[in-house]
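What follows is a single structure, written as structure tokens, with notes after it.
Derivation of every value follows stated rules applied to the coordinates shown; laboratory data play no part. Note that the structure is a prediction, hence the values are computed from the model and not measured. Quick reminder, even Gly has a Cβ in these numbers, built from the backbone with ideal geometry, and neighbours come from all protein chains shown.
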Amino acid sequence: MRKAMIGALVALVTLVLVACSSDKGIVVNVNFEHLSGLEKNDPVLFENNVAGHVRSVQYHSDGTYTAQVVIDEGFVAAATEYAQFQVVDDPESQGGKGIQIRLTQQGGAPLADGATVTGIPAEEDLAAKIRRELDAGIGILKEKMEQFGRDIQSFPESQQYQDLKKALDDFATELGRKEKETRERLKKEWLPKLQQELDALRKRLRQDGHEDQMAPLDKEMDRIRKI
């Protein structure tokens, strides 16, 4: 009886020690616009290792969320000013989520215990955001094309032209940051639609003898294809 009680006590103490040790390290508050299924106790991951856990999730009145994460002592060095925190699928739990820490570069000042950072949207949220922005940009382009009429000389200097060029540049930059699988999926889904609209614009410019004005836009599209 006594041995059983002692054994139970040892087990309890061990559990307490494990619980305490899991909270060693630092706590970081990560703000997200969407949680994408993230929950309390989901893992924090760094280079395929469990580097901590989500201590709590708080909803705010403005519709945003804050995930308070504990980064274990052995992975505190990964929590620097160059760390990105993103909601990802948990590879060890089907349908589960976690927070992935990615370093955009080495070095940098370490995050203080209790620091607050802005999280990166989950891949599906980011893809949806890109879709919305591209749809809006293409819609604006088609609408303005009707307004330009025959006065095509001013097109390269117009705000719409500059916005389109910048949108292509931003899209190329964003693609370059993605993992290969996500990058190829976005290219497959969006490049044909972008090319269709650019071809329509090319046809209009050709009719007015100004096809050479497509060169900067073609350059951006070539950049996107090569990423």
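Tabulated values for the structure
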{"item": "Cα-projected label distance for residue 60 with residue 105, points at 7 Å along beta-carbon direction, nm", "result": "2.8"}
{"item": "Segments 210-218, 104-112 sorted - mean Cβ within 10 Å per residue, highest first", "result": "210-218, 104-112"}
{"item": "Computed E for residue 173/residue 210 - FRET, C-beta separation, R0 45 angstrom, nearest 0.05", "result": "0.95"}
{"item": "Å³ per residue enclosed by the Cα convex hull of region 24-120", "result": "86"}
